[in-house]
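Below: one structure, written as structure tokens.
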Amino acid sequence: GILHEDLRLLLETSMPAKKKKALLGVADAKLGAAILEELGYQCQTGGVVAEILRGESWGAQGASCSGGSAARATGVTPGPRAGIRLHFHALVKGLTAQSASKAQLGLGHSYSRAKVKFNVNRVDNMIIQSISLLDQLDKDINTFSMRVREWYGYHFPELIKIVSENYTYCRLAKFIGNRRELSEESLEGLEEIVGARLISHAGSLTNLAKYPASTVQILGAEKALFRALKTRGNTPKYGLIFHSTFIGRAAAKNKGRISRYLANKCTIASRIDCFSEVPTSVFGDKLREQVEERLAFYETGQPPRKNLEVMKEAVVEASEVVAEVKRKQEKKEKKRKKREKRRLEALASAAEEVENSVLEVEENDVEPKKKKKKKQREEEEQELQENGLEEPLPKKKRKLMVEAEGEEEKEKKKKKKKKAKAQDSEEE
């Protein structure tokens, strides 16, 4: 029941000037009432108008001004069963049947949205799309992981049984590459991966340092532990540290023992890394040597060194390394202080240059004033001599007077410099 501005303009330009004689056929009764109220045209709804719009029959010709005027304007006379809605594209110049159908479709959508109060700018569509994107990413990741397992399995089939997680498997495949080039030196990188997984599973290095060695040993195998406790079965011997090369190199009967020993050393290393002021790799290297010696003891029976001896050696080496690191830090700090001092000196020299330039400008301004004063004095003396009122001063007295005035001005300049320096020092 709202009269649009476009419809108002169309009616004002197309309808005759005599409003009382014109009768307008309108399909919507509310719209007809709005037209009558705002423009003053008499409107008829229902009956003949509905038949003309639907296309049943023309009924009484001239009952609809819009239909009759459109037909007269275009020169198209519809048949007895033709309707405005059916032949609308033929009644309007420049309108095709395809564009008319598109307009009708758009009008239908707009009307439906207005009825159900549908907002196109809502964010629920973005939520749906983001969830579908996450699902698609999960599918793609699983697909690519299966491809990596399948293709790399032809080269290294044993790795599939050792590593079950897709992310770890892909990282290992990238790290190992050609298994023929794999050596003990390159296996050190795998130990770093295991340590990173332990920190990630614990949440932080501080949390890992708080765990006892028994917890670190089965970290990552919580489900198996609770299942064993529930069924009263055997508890797991290792969790994430199973991926360590030490456990892989140990015999089947010694895997549990070496995993317990390795968890103990991992706990000590995590506490040292967490609470030491200067991080060093000395303790990690010594603990690794202890694990190697214990592994050799299980295989050959050669007794390893005592823990006290190894830790004493590690403390001595670590103290030397820490002293060297502190020495380097002190050198860096000295260099930084020197750079800062040079920068401050450069700023101070630049400030002095600016002050000197300002003073030079002031002196240049003062010199012409002196000359003017001298000229004035000479003119005054000449006038006095001419008038005979005062005797001229000798040259020596004149020089002394000029020198005294110059010294006074120099003292004033010195005082100004002192004041400027004092202000700069207070600001710094």
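The values are calculated or read from the model by the stated rules, or taken from the named source; none is laboratory data. The structure presented is a predicted model; accordingly, all values stated were derived computationally and were not measured. With ideal geometry, Cβ positions are generated from the backbone for all residues, glycine too; neighbour counts draw on all protein chains shown. Side chains included, ligands, DNA and RNA excluded: accessible areas come from the protein's heavy atoms. Shrake-Rupley method; radii C 1.70, N 1.55, O 1.52, S 1.80 Å.
Values computed for the structure shown
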| item | result |
| --- | --- |
| Of the criteria (1) closer than 21 Å to Leu10 by Cβ; (2) at pLDDT 80 or above, which one Gly83 fails | (2) |
| Hey, Phe144 part of a helix (DSSP H, G or I) and either at pLDDT below 85 or closer than 19 Å to Asn264 by Cα (or both) or not | no |
| Where Ser130 falls short, out of the listed (1) modelled with pLDDT of 85 or more; (2) in the same structural domain as Lys174 (by the TED database) | (1) |
| Subset of segment 136-185 that is among the basic types (Lys, Arg) and over 22 Å from Tyr238 (Cα atoms) - its residue that is surrounded by the fewest Cβ atoms within 10 Å (Cβ to Cβ) | Arg180 |
| Condition met for Ser204 (farther than 23 Å from Glu289 by Cα and among the hydroxyl-bearing types (Ser, Thr, Tyr)) | yes |
| Filter result for the condition that a residue is assigned by the TED database to the domain that holds Ile241, open to solvent by 50 Å² or more (accessible area, probe 1.4 Å) and free of Cβ contacts under 8 Å to residues at least 60 places away in the same chain, over Glu345, Glu320 | Glu320 |
| Of the criteria (1) modelled with pLDDT under 70; (2) within 30 Å of the chain's Cα centre (by Cα); (3) of a type in the set (Val, Ile, Thr), which one Val116 fails | (2) |
| Residue count for segment 218-258, restricted to those that are open to solvent by less than 40 Å² (accessible area, probe 1.4 Å), more than 16 Å from His201 (Cβ to Cβ) and in contact (Cβ under 8 Å) with a residue 40 or more places away in the chain | 5 |
| Test for Gly40: is it loosely packed, with under 12 Cβ neighbours inside 10 Å and on the phi > 0 side of the Ramachandran plot | yes |
| Out of Ala196, Ala202, sole residue that is over 26 Å from Glu320 (Cα atoms), surrounded by 15 or more Cβ atoms within 10 Å (Cβ to Cβ) and of a type outside the set (Asp, Glu) | Ala202 |
| One residue from Arg343, Arg305 being assigned to a helix (DSSP H, G or I) and not aliphatic (A, V, I, L, M) | Arg343 |
| Filtered residues of segment 348-357 (kept if among the hydrophobic types (A, V, I, L, M, F, W, C) and either surrounded by 11 or more Cβ atoms within 10 Å (Cβ to Cβ) or not in a helix (DSSP H, G or I) (or both)) | Ala348, Ala351 |
| Count - residues of segment 266-307 that are under 42 Å from the mean Cα position of the chain (by Cα), hydrophobic (A, V, I, L, M, F, W, C) and either loosely packed, with under 15 Cβ neighbours inside 10 Å or farther than 21 Å from Val322 by Cα (or both) | 3 |
